[in-house]
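Notes follow once the structure below has been shown.
Coordinate-derived values only; no laboratory data. Just so we're clear, the structure is a prediction, and the values are computed from it rather than from any experiment. Quick reminder, even Gly has a Cβ in these numbers, built from the backbone with ideal geometry, and neighbours come from all protein chains shown.
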């Protein structure tokens with residue numbers, strides 16, 4: 001099954017015999033809030049307008065555990081995650097479509113996490129809510145509870161040690177902005193730079209200005225130039241396992257399997273014993 005779905009396809013499937021469960025996971029990474037401006041509130045945005053039938057899922061509390069030694073967005077507690085998915089109506093026998101406000105990072109995190117937890121059919125709405133031109137709903141939705149029970153490790157997740165090995169023996173892509181990879185700036189973590197041997201591949205270069213993914217052929221060409229065709233394993237990391245999931249999704253659109261290092265730079269850089277490289281791609 002394709003990893004993404006267009007708004008037109010979603011509209012059609014929603015009228016079919018087995019309509020997908022819809023999850024709204026709007027979220028924004030806020031590095032700094034302007035004076036007098038409150039931080040982004042995904043739930044408020046959802047209640048102000050969403051695709052009919054969608055249920056809001058909070059990334060920070062349902063799709064990640066508390067920040068700590070495992071990074072800013074480590075894997076969530078399975079009981080918490082499973083309960084959130086069932087409350088949102090997720091079932092093992094129904095497809096799931098996830099969307100966010102258009103950037104795609106949060107939706108990709110939910111997509112990856114559900115696949116890691118064993119759900120057989122998950123897709124991301126290409127272009128997010130901005131691509132939807134159908135009816136909208138306000139307030140909250142009442143849905144029948146689902147029966148989904150997570151089965152962790154249904155797809156691989158990299159540890160810090162795994163990522164270090166993959167950077168040497170396979171291909172490890174860094175999905176962050178190039179200036180963070182090079183160590184020129186670091187707005188969040190202890191130190192700038194990248195995992196030695198990793199290759200810079202900003203996930204923002206996988207999409208068009210409106211947030212839709214580039215055609216699969218273009219993505220394949222891009223990733224081939226970065227070295228995917230020369231290795232048997234590909235891994236991805238970012239700052240905290242969110243934008244990295246978006247790169248894993250882009251790789252899936254291109255037909256390339258990749259593994260996510262969930263702890264990413266926020267975990268790696270917090271450990272002063274781990275090496276840090278700076279500068280451009282090797």
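Helical content of the chain, expressed as a calculated mean residue ellipticity at 222 nm, amounts to -8000 deg cm²/dmol (DSSP H runs of 4 or more residues, -39,500 (n - 2.57) each, divided by residue number, nearest 500).
Note on 212, 190: ascending count of other Cβ atoms within 10 Å places them as 190, 212, the fewest first. Taking every DSSP bridge with both residues inside the stretch 157-268, close to 10 percent are antiparallel. By other beta-carbon atoms within 10 Å, ranking 172, 10, 166, 29 with the fewest at the front produces 29, 10, 166, 172.
Only Cα pairs under 8 Å and 6+ residues apart enter the sum, and on that basis the relative contact order of the chain stands at 21 percent. From the square roots a ≥ b ≥ c of the eigenvalues of the alpha-carbon gyration tensor of the stretch 151-265, which class results: rounded (a/c under 1.5), prolate (a/b over b/c), or oblate? The shape class here is rounded. Shape of the stretch 87-215 from the C-alpha gyration tensor: oblate (a/c of 1.5 or more and a/b not above b/c, with a ≥ b ≥ c the square roots of its eigenvalues). Exposure proxy ranking for 155, 195, based on other Cβ atoms within 10 angstrom of each Cβ and starting from the fewest, stands as 155, 195. Placing pseudo-labels 7 Å out from each Cα toward the beta carbon at residue 2 and residue 216 gives an inter-label distance of 0.8 nm. Is the C-alpha gyration tensor of the stretch 4-131 telling us rounded, prolate or oblate? Criteria: a/c under 1.5 is rounded; beyond that, a/b larger than b/c is prolate, otherwise oblate. Oblate.
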